[in-house]
Amino acid sequence: MSDGSTHDAARTGRDGPSPPRYIDALLGDFDGADDHRWNHLGHWDEPAEAVPGSRVRAQERMNDVVVSLADVADGRAVLDVGCGFGGTLQSIDSRFERMELVGLDIDVRQLRVCTRLVPRRTNSLGWVNGDACHLPFPSSRFDSVISIEALWHVPSRREFLHEAGRVLRASGALAVVDILIEPDAADSMGISRREMLETLERGFAPWPEPTTTLEDVLGHAAAAGLECESVIDATDNTVPTYLDHGDSTQRPGAATFSRNDGVRLFVELHRRRCLKVVYLSFTARNSS
Ligand SMILES: C[S@@+](CC[C@H](N)C(=O)[O-])C[C@H]1O[C@@H](n2cnc3c(N)ncnc32)[C@H](O)[C@@H]1O
(Lines give C-alpha, C1' and ligand atoms only; values in the text may rest on other atoms or scores of the structure.)
Protein backbone atom coordinates (compact mmCIF):
# COMPACT_ATOMS: atom_id res chain seq x y z
CA MET A 1 0.00 0.00 0.00
CA SER A 2 1.57 3.29 -0.99
CA ASP A 3 1.77 6.01 1.65
CA GLY A 4 -1.16 8.37 1.85
CA SER A 5 -3.04 6.71 -1.00
CA THR A 6 -6.82 6.33 -1.27
CA HIS A 7 -7.95 3.12 -2.92
CA ASP A 8 -11.51 2.51 -4.11
CA ALA A 9 -11.73 -1.22 -3.68
CA ALA A 10 -15.33 -2.08 -2.91
CA ARG A 11 -18.84 -1.42 -4.12
CA THR A 12 -20.22 1.63 -2.35
CA GLY A 13 -22.54 2.67 -5.14
CA ARG A 14 -26.20 3.62 -5.12
CA ASP A 15 -27.41 0.28 -3.74
CA GLY A 16 -24.58 -0.23 -1.25
CA PRO A 17 -24.33 1.14 2.29
CA SER A 18 -24.01 4.91 2.66
CA PRO A 19 -22.19 7.04 5.26
CA PRO A 20 -24.20 8.30 8.25
CA ARG A 21 -25.92 11.60 7.46
CA TYR A 22 -24.62 13.26 10.63
CA ILE A 23 -21.14 13.24 9.08
CA ASP A 24 -22.34 16.04 6.78
CA ALA A 25 -22.61 18.40 9.76
CA LEU A 26 -19.20 17.39 11.09
CA LEU A 27 -17.11 17.61 7.91
CA GLY A 28 -16.52 21.33 8.48
CA ASP A 29 -14.67 20.53 11.75
CA PHE A 30 -11.75 19.26 9.80
CA ASP A 31 -11.34 22.09 7.32
CA GLY A 32 -8.33 23.44 9.12
CA ALA A 33 -7.88 21.57 12.39
CA ASP A 34 -5.87 18.39 12.16
CA ASP A 35 -5.32 17.88 15.87
CA HIS A 36 -8.66 16.41 16.97
CA ARG A 37 -9.85 13.95 14.39
CA TRP A 38 -12.03 11.95 16.77
CA ASN A 39 -15.67 11.28 16.01
CA HIS A 40 -16.48 9.12 19.01
CA LEU A 41 -17.58 9.46 22.62
CA GLY A 42 -15.17 10.52 25.36
CA HIS A 43 -14.04 8.15 28.12
CA TRP A 44 -13.49 9.44 31.65
CA ASP A 45 -11.93 6.90 34.05
CA GLU A 46 -13.61 8.85 36.87
CA PRO A 47 -16.83 10.25 35.36
CA ALA A 48 -17.40 12.40 38.45
CA GLU A 49 -14.23 14.33 37.59
CA ALA A 50 -15.34 15.29 34.09
CA VAL A 51 -15.27 19.06 33.54
CA PRO A 52 -16.37 21.12 30.53
CA GLY A 53 -13.61 21.30 27.96
CA SER A 54 -12.20 17.84 28.74
CA ARG A 55 -13.96 16.02 25.87
CA VAL A 56 -11.06 15.86 23.40
CA ARG A 57 -8.72 14.43 26.03
CA ALA A 58 -11.45 11.92 26.95
CA GLN A 59 -11.82 10.93 23.29
CA GLU A 60 -8.07 10.26 23.22
CA ARG A 61 -8.52 8.17 26.34
CA MET A 62 -11.17 5.98 24.67
CA ASN A 63 -8.84 5.55 21.72
CA ASP A 64 -5.95 4.55 24.00
CA VAL A 65 -8.07 1.96 25.83
CA VAL A 66 -9.19 0.37 22.55
CA VAL A 67 -5.70 0.42 20.99
CA SER A 68 -4.35 -1.40 24.05
CA LEU A 69 -7.18 -3.99 23.79
CA ALA A 70 -6.15 -4.57 20.14
CA ASP A 71 -2.67 -5.70 21.20
CA VAL A 72 -0.93 -3.13 18.95
CA ALA A 73 2.88 -3.32 19.00
CA ASP A 74 5.85 -2.30 16.82
CA GLY A 75 6.10 -4.02 13.44
CA ARG A 76 2.41 -4.91 13.13
CA ALA A 77 -0.19 -4.56 10.36
CA VAL A 78 -3.31 -2.82 11.70
CA LEU A 79 -6.69 -2.27 10.04
CA ASP A 80 -9.09 0.39 11.34
CA VAL A 81 -12.64 -0.28 10.07
CA GLY A 82 -14.81 2.85 9.94
CA CYS A 83 -11.66 4.93 10.39
CA GLY A 84 -13.51 8.25 9.97
CA PHE A 85 -11.06 11.17 9.92
CA GLY A 86 -8.10 8.92 10.78
CA GLY A 87 -7.51 9.84 14.43
CA THR A 88 -6.89 6.27 15.60
CA LEU A 89 -4.26 5.49 12.96
CA GLN A 90 -2.69 8.93 13.49
CA SER A 91 -2.24 8.10 17.18
CA ILE A 92 -0.80 4.62 16.42
CA ASP A 93 1.57 6.15 13.85
CA SER A 94 2.86 8.60 16.47
CA ARG A 95 3.63 5.87 19.04
CA PHE A 96 4.81 2.78 17.14
CA GLU A 97 7.53 1.93 14.60
CA ARG A 98 7.54 -0.20 11.42
CA MET A 99 3.76 -0.21 11.22
CA GLU A 100 1.58 -0.96 8.23
CA LEU A 101 -1.57 1.02 8.92
CA VAL A 102 -4.73 0.75 6.79
CA GLY A 103 -7.93 2.71 7.33
CA LEU A 104 -11.19 1.64 5.68
CA ASP A 105 -14.36 3.71 5.52
CA ILE A 106 -17.55 3.85 3.50
CA ASP A 107 -17.18 7.65 3.21
CA VAL A 108 -14.75 8.96 0.57
CA ARG A 109 -15.07 12.53 1.90
CA GLN A 110 -13.50 11.57 5.22
CA LEU A 111 -10.87 9.45 3.49
CA ARG A 112 -9.83 12.52 1.49
CA VAL A 113 -9.20 14.30 4.80
CA CYS A 114 -7.19 11.26 5.96
CA THR A 115 -4.81 11.51 3.01
CA ARG A 116 -3.43 14.75 4.53
CA LEU A 117 -1.77 12.62 7.20
CA VAL A 118 1.90 11.91 6.52
CA PRO A 119 3.19 8.76 8.27
CA ARG A 120 6.39 8.78 10.28
CA ARG A 121 9.47 7.47 8.51
CA THR A 122 9.25 3.76 9.33
CA ASN A 123 5.47 3.47 8.97
CA SER A 124 3.02 3.35 6.05
CA LEU A 125 -0.53 4.68 5.97
CA GLY A 126 -3.13 3.68 3.36
CA TRP A 127 -6.81 4.50 2.96
CA VAL A 128 -9.42 2.25 1.38
CA ASN A 129 -13.01 3.05 0.45
CA GLY A 130 -15.17 0.04 1.27
CA ASP A 131 -17.82 -1.65 3.37
CA ALA A 132 -17.04 -3.26 6.72
CA CYS A 133 -19.05 -6.31 5.66
CA HIS A 134 -16.97 -6.94 2.51
CA LEU A 135 -13.37 -6.28 3.49
CA PRO A 136 -11.30 -6.09 0.29
CA PHE A 137 -8.27 -7.84 1.77
CA PRO A 138 -6.89 -11.38 1.60
CA SER A 139 -7.30 -13.76 4.54
CA SER A 140 -4.86 -13.52 7.48
CA ARG A 141 -3.65 -10.11 6.26
CA PHE A 142 -3.65 -8.19 9.60
CA ASP A 143 -2.28 -8.60 13.14
CA SER A 144 -4.93 -6.32 14.64
CA VAL A 145 -8.34 -5.02 13.59
CA ILE A 146 -9.91 -2.06 15.36
CA SER A 147 -13.36 -0.56 14.92
CA ILE A 148 -14.53 2.35 17.06
CA GLU A 149 -18.26 3.17 16.95
CA ALA A 150 -18.82 1.99 13.38
CA LEU A 151 -20.67 -1.29 14.02
CA TRP A 152 -24.01 0.35 14.82
CA HIS A 153 -23.99 1.68 11.21
CA VAL A 154 -22.86 -1.41 9.30
CA PRO A 155 -25.40 -3.56 7.44
CA SER A 156 -24.69 -6.69 9.52
CA ARG A 157 -22.57 -7.21 12.63
CA ARG A 158 -22.54 -10.93 11.87
CA GLU A 159 -20.96 -10.30 8.44
CA PHE A 160 -18.48 -7.77 9.81
CA LEU A 161 -17.33 -10.18 12.53
CA HIS A 162 -16.96 -12.97 9.99
CA GLU A 163 -14.84 -10.66 7.81
CA ALA A 164 -12.74 -9.44 10.74
CA GLY A 165 -12.06 -13.07 11.72
CA ARG A 166 -11.07 -13.86 8.13
CA VAL A 167 -8.60 -10.97 7.62
CA LEU A 168 -6.92 -11.54 11.01
CA ARG A 169 -4.00 -13.92 11.24
CA ALA A 170 -4.32 -16.74 13.78
CA SER A 171 -3.99 -15.23 17.30
CA GLY A 172 -4.56 -11.73 15.88
CA ALA A 173 -6.65 -9.32 17.95
CA LEU A 174 -9.94 -7.54 17.29
CA ALA A 175 -11.08 -4.62 19.47
CA VAL A 176 -14.37 -2.83 18.89
CA VAL A 177 -16.57 -0.19 20.48
CA ASP A 178 -20.27 -0.83 19.95
CA ILE A 179 -23.47 0.97 20.96
CA LEU A 180 -26.44 -1.22 21.89
CA ILE A 181 -29.95 -0.18 22.85
CA GLU A 182 -31.37 -1.95 25.92
CA PRO A 183 -34.43 -4.13 25.08
CA ASP A 184 -36.67 -2.16 27.50
CA ALA A 185 -35.43 1.29 26.40
CA ALA A 186 -38.67 2.51 24.81
CA ASP A 187 -40.73 1.51 27.88
CA SER A 188 -38.26 3.30 30.16
CA MET A 189 -38.58 6.44 28.03
CA GLY A 190 -42.40 6.21 27.94
CA ILE A 191 -42.57 6.06 24.13
CA SER A 192 -43.45 3.33 21.67
CA ARG A 193 -40.65 1.20 20.24
CA ARG A 194 -41.57 2.36 16.76
CA GLU A 195 -41.36 6.05 17.74
CA MET A 196 -38.00 5.47 19.41
CA LEU A 197 -36.52 3.72 16.38
CA GLU A 198 -37.91 6.24 13.88
CA THR A 199 -36.57 9.16 15.93
CA LEU A 200 -33.12 7.60 16.25
CA GLU A 201 -33.15 6.90 12.54
CA ARG A 202 -33.54 10.65 11.89
CA GLY A 203 -30.34 11.40 13.82
CA PHE A 204 -28.14 8.43 13.08
CA ALA A 205 -29.20 6.53 9.96
CA PRO A 206 -28.02 4.11 8.79
CA TRP A 207 -28.62 2.12 12.01
CA PRO A 208 -29.67 -1.20 10.42
CA GLU A 209 -29.68 -3.38 13.55
CA PRO A 210 -31.01 -1.25 16.41
CA THR A 211 -32.36 -4.25 18.36
CA THR A 212 -29.12 -6.27 18.45
CA THR A 213 -28.12 -7.29 21.97
CA LEU A 214 -24.71 -7.93 23.51
CA GLU A 215 -25.52 -11.65 23.54
CA ASP A 216 -26.20 -11.50 19.77
CA VAL A 217 -22.82 -9.83 19.14
CA LEU A 218 -20.94 -12.34 21.27
CA GLY A 219 -22.76 -15.21 19.53
CA HIS A 220 -21.84 -13.87 16.06
CA ALA A 221 -18.22 -13.45 17.17
CA ALA A 222 -18.00 -17.02 18.49
CA ALA A 223 -19.48 -18.32 15.22
CA ALA A 224 -16.77 -16.37 13.34
CA GLY A 225 -14.00 -18.10 15.33
CA LEU A 226 -13.35 -15.09 17.56
CA GLU A 227 -12.69 -15.94 21.19
CA CYS A 228 -13.90 -13.24 23.57
CA GLU A 229 -11.14 -11.77 25.75
CA SER A 230 -12.95 -8.88 27.39
CA VAL A 231 -16.32 -7.17 27.68
CA ILE A 232 -16.09 -3.72 29.22
CA ASP A 233 -19.26 -1.75 29.94
CA ALA A 234 -18.18 1.87 29.42
CA THR A 235 -21.67 3.39 29.57
CA ASP A 236 -20.97 5.40 32.73
CA ASN A 237 -17.47 6.41 31.57
CA THR A 238 -18.81 7.87 28.34
CA VAL A 239 -21.92 9.74 29.59
CA PRO A 240 -20.07 13.02 30.36
CA THR A 241 -19.40 13.43 26.60
CA TYR A 242 -22.45 15.71 26.44
CA LEU A 243 -20.94 18.30 28.79
CA ASP A 244 -19.99 20.26 25.69
CA HIS A 245 -22.87 19.09 23.57
CA GLY A 246 -23.96 21.74 21.09
CA ASP A 247 -21.12 24.05 22.08
CA SER A 248 -19.75 25.25 18.78
CA THR A 249 -16.65 26.65 20.47
CA GLN A 250 -15.80 23.06 21.47
CA ARG A 251 -16.89 21.51 18.22
CA PRO A 252 -17.76 23.50 15.10
CA GLY A 253 -21.00 22.21 13.55
CA ALA A 254 -22.17 20.76 16.86
CA ALA A 255 -24.93 23.31 17.47
CA THR A 256 -26.76 22.25 14.29
CA PHE A 257 -26.18 18.59 15.05
CA SER A 258 -27.62 18.88 18.58
CA ARG A 259 -30.91 20.39 17.39
CA ASN A 260 -31.86 17.09 15.72
CA ASP A 261 -34.53 15.23 17.78
CA GLY A 262 -32.79 11.89 17.09
CA VAL A 263 -29.61 13.24 18.65
CA ARG A 264 -31.53 14.57 21.67
CA LEU A 265 -33.19 11.18 22.19
CA PHE A 266 -29.83 9.40 21.92
CA VAL A 267 -28.35 11.66 24.60
CA GLU A 268 -31.32 11.01 26.89
CA LEU A 269 -31.13 7.24 26.32
CA HIS A 270 -27.46 7.33 27.25
CA ARG A 271 -28.00 9.52 30.34
CA ARG A 272 -30.72 7.16 31.60
CA ARG A 273 -28.55 4.09 30.82
CA CYS A 274 -31.09 2.85 28.27
CA LEU A 275 -28.26 2.23 25.85
CA LYS A 276 -24.95 0.51 26.48
CA VAL A 277 -21.51 1.50 25.24
CA VAL A 278 -19.29 -1.58 25.22
CA TYR A 279 -15.63 -2.26 24.42
CA LEU A 280 -15.12 -5.82 23.26
CA SER A 281 -11.91 -7.65 22.44
CA PHE A 282 -11.35 -11.01 20.79
CA THR A 283 -8.57 -13.32 19.62
CA ALA A 284 -8.84 -14.94 16.20
CA ARG A 285 -8.85 -18.71 16.39
CA ASN A 286 -8.74 -19.35 12.64
CA SER A 287 -6.27 -21.98 11.47
CA SER A 288 -2.67 -20.78 11.14
C1 LIG B 1 -18.94 7.40 14.70
S2 LIG B 1 -17.89 7.38 13.31
C3 LIG B 1 -16.38 6.76 14.05
C4 LIG B 1 -15.16 7.18 13.27
C5 LIG B 1 -13.82 6.77 13.88
N6 LIG B 1 -13.77 5.34 14.11
C7 LIG B 1 -13.56 7.50 15.17
O8 LIG B 1 -13.54 6.85 16.22
O9 LIG B 1 -13.33 8.72 15.13
C10 LIG B 1 -18.45 5.96 12.38
C11 LIG B 1 -17.66 5.73 11.10
O12 LIG B 1 -18.09 4.50 10.50
C13 LIG B 1 -18.16 4.69 9.09
N14 LIG B 1 -19.05 3.67 8.50
C15 LIG B 1 -20.40 3.61 8.58
N16 LIG B 1 -20.87 2.54 7.92
C17 LIG B 1 -19.79 1.89 7.42
C18 LIG B 1 -19.62 0.69 6.65
N19 LIG B 1 -20.67 -0.05 6.27
N20 LIG B 1 -18.37 0.32 6.33
C21 LIG B 1 -17.29 1.08 6.69
N22 LIG B 1 -17.39 2.21 7.41
C23 LIG B 1 -18.62 2.62 7.79
C24 LIG B 1 -18.67 6.12 8.95
O25 LIG B 1 -18.48 6.66 7.66
C26 LIG B 1 -17.88 6.82 10.06
O27 LIG B 1 -16.65 7.27 9.58
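The values are calculated or read from the model by the stated rules, or taken from the named source; none is laboratory data. Bear in mind the structure is a predicted one, so any value in this text is a computation, not a measurement. Glycine gets a Cβ as well: all are built from the backbone with ideal geometry, and neighbour counts include every protein chain shown. Accessible surface is based on the protein model in full, side chains and every heavy atom, while ligands, DNA and RNA are left aside. Shrake-Rupley method; radii C 1.70, N 1.55, O 1.52, S 1.80 Å.
Scanning segment 213-234 for residues that are among the hydroxyl-bearing types (Ser, Thr, Tyr) and over 17 Å from Ser147 (Cα atoms) returns a single hit, Thr213.
Of all residues in segment 193-207, count the ones that are open to solvent by less than 60 Å² (accessible area, probe 1.4 Å) and either free of Cβ contacts under 8 Å to residues at least 40 places away in the same chain or among the polar types (S, T, N, Q) (or both). Final tally of qualifying residues: 2.
Checking each residue in segment 146-163 for being more than 12 Å from the ligand (Cβ to nearest atom) and open to solvent by less than 10 Å² (accessible area, probe 1.4 Å) picks out only Leu161. Restricting the search to strands (runs of 3 or more DSSP E) fully inside segment 82-182 and requiring at least 2 residues that are over 21 Å from Asp64 (Cα atoms) and over 19 Å from the mean Cα position of the chain (by Cα) gives 168-181. Contact annotation: residue pairs with Cβ atoms under 9 Å, 6 or more positions apart or on different chains, pairing a residue in segment 172-191 that is among the hydroxyl-bearing types (Ser, Thr, Tyr) with a partner that is assigned to a loop (DSSP other than H, G, I, E, B), are Ser188/Glu182; Ser188/Arg272; Ser188/Arg273; Ser188/Cys274. May I ask you to verify whether Thr241 is modelled with pLDDT of 95 or more, farther than 22 Å from Thr211 by Cβ and not charged (D, E, K, R)? No, not satisfied. Scanning for something open to solvent by less than 50 Å² (accessible area, probe 1.4 Å), more than 16 Å from the ligand (Cβ to nearest atom) and closer than 16 Å to Ala175 by Cβ, does segment 52-75 turn up at least one residue? Within segment 52-75, one or more residues are open to solvent by less than 50 Å² (accessible area, probe 1.4 Å), more than 16 Å from the ligand (Cβ to nearest atom) and closer than 16 Å to Ala175 by Cβ. Among the residues here, Ala164 qualifies as touching a helix residue (DSSP H, G or I) at 6+ places or on another chain (Cβ under 9 Å) and either at pLDDT 95 or above or hydroxyl-bearing (Ser, Thr, Tyr) (or both). Of the candidates Leu135, Leu151, the single residue that is of a type in the set (A, V, I, L, M, F, W, C), more than 29 Å from Trp44 (Cα to Cα) and touching a residue at least 24 places away in the same chain (Cβ under 8 Å) is Leu135. Mind counting the residues in segment 102-124 that are touching an Asp or Glu at 6+ places or on another chain (Cβ under 6 Å) and either closer than 19 Å to Leu174 by Cα or away from the ligand (no atom under 13 Å from the Cβ) (or both)? Counting residues in segment 102-124 that are touching an Asp or Glu at 6+ places or on another chain (Cβ under 6 Å) and either closer than 19 Å to Leu174 by Cα or away from the ligand (no atom under 13 Å from the Cβ) (or both) gives 6.
For segment 60-91, a residue qualifies if it is of a type in the set (A, V, I, L, M, F, W, C) and under 21 Å from Ser230 (Cα atoms), and the qualifying residues are Met62, Val65, Val66, Val67, Leu69, Ala70, Val72, Ala73, Val78, Leu79, Val81. Within segment 208-244, the residues that satisfy the criterion of being without any contact (Cβ under 8 Å) to a residue 60 or more places away in the chain, assigned to a loop (DSSP other than H, G, I, E, B) and crowded, with 17+ Cβ neighbours inside 10 Å are Glu209, Pro210, Thr212. The residue pairs whose first member lies in segment 35-47 and is in contact (Cβ under 8 Å) with a residue 12 or more places away in the chain and away from the ligand (no atom under 13 Å from the Cβ), whose second member is assigned to a loop (DSSP other than H, G, I, E, B) and of a type outside the set (Lys, Arg), and whose beta carbons are closer than 8 Å, counting only pairs six or more residues apart or on different chains, are Trp44/Ala50; Trp44/Ser54.
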